[in-house]
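Peer 1: First the structure, which I've put down as structure tokens, then a few questions once you've had a look.
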Amino acid sequence: MNPKPFDFEEIRPYTDEEVPEVMKRLTSKTSLFVMMGVFFPELTPEEIQQNFSQVNSTAELQEKYIGEAIRRMISASAGQLMVSGLAELDASQTHLFISNHRDIILDPGIFNEQRHQRKLPTTLIAIGDNLLVSSLVTDLMKLNKSFIVHRSLARNQLIPYSRRLSNYIRSSLLEEKESVWIAQKSGRTKDGNDETQTALLKMLAMSGSDDLIQSFLALNIIPMAISYEYEPCDMLKAAEIVSTRNGELYDKSDKMAIIRGIRDYKGRINMAIGEPLSIADYASLGDPAKRNDWFKNFKQFLDRKIQSLYQLWPTHYVAADLQNGTDTYAKYYTPSEKDAFLQHLAKRLKEVQGPEEQLSEQFIAMYARPVQNRYA
């Protein structure tokens, strides 16, 4: 008896056939014109209405609007953007990109905009269902090749939902020939410590064979890392951690995080794409028959790969010295770069309420953690 096929309707992005109807729905929302006014102030509402009514595919929307919005966002709120590893990709193959995650929109947005500039197909994007904060955002995400990862599940739902997600990712890569971007863990890194969730790796294995090495080789995994000189939403992240630690209710807003991530200054940005994991890499993880140990080793291996790709900026070295009360890393920054970081911290402290000393310590720890990871 053949196994029952998985139903991906609830999690998949929109197809090109669905685009015209979704665009019609979007242009009935006032919020679309407000959002478009932020990125495309030169367009009148009438022009937006007309232009959107002529979009008939995901690729057309990405090329005309989403990619341009990302470019304008970077130009307005960031310094130099550096990308490495994209030119070395084999364009004839699909890949599963496992990345650290620092900003909700920009991490996969920058990646796909850079792929498009290099004539590479854009990837599918894994997003948590917590980000679907409105029907407008849901439609835009699914138009932008995003598929949904359910994060708040009852215990009895966890395995079937994970198995479906695993099969969707594998079928996208191997059957639909679509590359996939997914974060190394649920949600953004808020404490500066980029770590892979073992549960992610076990989920990916659910759709493969019992031969773990061959199962993962088929996914063609590539680790990657994005690094911002000034962390998007840095003080919001620090405030959430401090509030949670103090047992206080934190009014978390993913919508606010999206807006702040777009608008806040980010300084220089580096995106580094690694090499596909090889059979030798998997063989180095130990005996696959000892599954728990093997997955633990795989998690640590990916952590090292991603952390080694992460670009350390002067802000990270300044924070490490401030945290330790030393000048160990002083050769990596100038006095003016240290002053700029301290001024940035002072400005951010004025934007939130809470215990200033704790917020300051957590803020500095967030920037210092990648240095600890690098030199550990």
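The values are calculated or read from the model by the stated rules, or taken from the named source; none is laboratory data. Everything numeric here is computed off the predicted structure, so don't read it as measured data. Cβ atoms come from the backbone with ideal geometry, glycine included; neighbour counts cover every protein chain shown. All accessible areas refer to the heavy atoms of the entire protein, side chains included, with ligands and DNA or RNA removed. Shrake-Rupley method; radii C 1.70, N 1.55, O 1.52, S 1.80 Å.
Peer 1: Extending each Cα 7 Å along its Cβ direction at F40 and D129, get the distance between those two points in nm, one decimal.
Peer 2: 3.2
Peer 1: On a full-extension model of 0.36 nm per residue, what is the gain between R263 and E60, subtracting their alpha-carbon distance, rounded to one decimal in nm?
Peer 2: Numbers: separation 203, 0.36 × 203 = 73.08 nm, distance 2.51 nm.
Value of the extension gain: 70.6 nm.
Peer 1: Of all trypsin sites (Lys or Arg not before Pro) in segment 1-86, which ones are in loop regions per DSSP and have a Cβ with at most 14 other Cβ atoms within 10 Å? Please report the intermediate quantities before stating the final value.
Peer 2: Working: sites: K24, R25, K29, K64, R71, R72; in loops: K29.
Hits after loop and neighbour filter: K29.
Peer 1: What is the calculated FRET efficiency for E357 to L120, with r their C-beta to C-beta distance and R₀ = 45 Å, to the nearest 0.05? Can you show the working numbers first?
Peer 2: Working: r = 47 Å, r/R0 = 1.04.
That pair, E357 with L120, gives E of 0.45.
Peer 1: On to the next question. Set the Förster distance to 30 Å, then compute FRET efficiency between Q323 and S152 from the Cβ-Cβ distance, nearest 0.05. Don't skip to the end; give the middle numbers.
Peer 2: Numbers: r = 34 Å, r/R0 = 1.13.
E between Q323 and S152, to the nearest 0.05, is 0.35.
Peer 1: Using 0.36 nm per residue, how much length does the chain from A346 to R25 gain when fully extended, once their Cα-Cα distance is taken away?
Peer 2: Contour length minus Cα-Cα distance gives 111.2 nm.
Peer 1: Also: Once you keep just the Cα pairs under 8 angstrom separated by 6 or more residues, what percentage relative contact order results for segment 1-108?
Peer 2: Working: 36 pairs, mean separation 28.8, N = 108.
That works out to 27 percent.
Peer 1: DSSP beta bridges in the chain, what fraction antiparallel, as a percent rounded to 5? Intermediate values should be presented prior to the final figure.
Peer 2: Details: 5 of 23 bridges.
Just about 20 percent of them are antiparallel.
Peer 1: Another question about this same structure. Can you report the principal axis dimensions of segment 239-336 using only the alpha carbons, biggest first, rounded to whole angstrom?
Peer 2: 49, 41, 29
Peer 1: Same structure again: Stretch R245-S336 to full length: gain in nm at 0.36 nm per residue minus the Cα-Cα span?
Peer 2: Numbers: separation 91, 0.36 × 91 = 32.76 nm, distance 3.32 nm.
Gain in length upon complete extension: 29.4 nm.
Peer 1: Further, regarding this structure: May I have the convex hull volume per residue, in Å³, for the Cα set of segment 121-250?
Peer 2: Details: hull volume 20.0 nm³, N = 130.
For segment 121-250, the hull spanned by Cα atoms encloses 154 Å³ per residue.
Peer 1: Among 149-158, 304-313, how do they line up from the highest to the lowest mean number of other beta-carbon atoms within 10 Å?
Peer 2: Working: 149-158: 11.6, 304-313: 19.7.
Per-residue Cβ counts within 10 Å, averaged per peptide and sorted highest first, yield 304-313, 149-158.
Peer 1: A follow-up question, please. What spacing in nm lies between the two simple spin-label points modelled at D211 and Q300, each 7 Å away from Cα in the Cβ direction?
Peer 2: My value for the distance between the label points is 2.7 nm.
Peer 1: Below 15 Å Cα-Cα, how many Lys pairs turn up in segment 209-304? Only count pairs eight or more apart in sequence, or on different chains, if you could. Before the final figure, lay out each step's value.
Peer 2: Values: K237/K252; K237/K255; K237/K266; K290/K299.
Eligible lysine pairs with Cα atoms under 15 Å apart amount to 4.
Peer 1: Can you work out the accessible area per residue across segment 254-376, with the rest of the protein chains kept in place, probe 1.4 Å, in square angstrom?
Peer 2: Values: 6510 Å² over 123 residues.
That works out to 53 Å² per residue.
Peer 1: Note the direction-averaged projected area, equal to a quarter of the hull surface, for the Cα convex hull of the chain, in nm². Intermediate results must be reported in sequence, preceding the final value.
Peer 2: Details: hull surface 84.1 nm².
Hull-based average projected area comes out at 21.0 nm².
Peer 1: Do any chymotrypsin sites (Phe, Trp or Tyr not before Pro) in segment 225-290 lie in a loop, going by DSSP, with at most 16 other beta-carbon atoms within 10 Å of their beta carbon, and if so which? Numbers along the way, then the final one.
Peer 2: Working: sites: Y228, Y230, Y250, Y265, Y282; in loops: Y230, Y250, Y265.
Answer by residue number: Y250, Y265.
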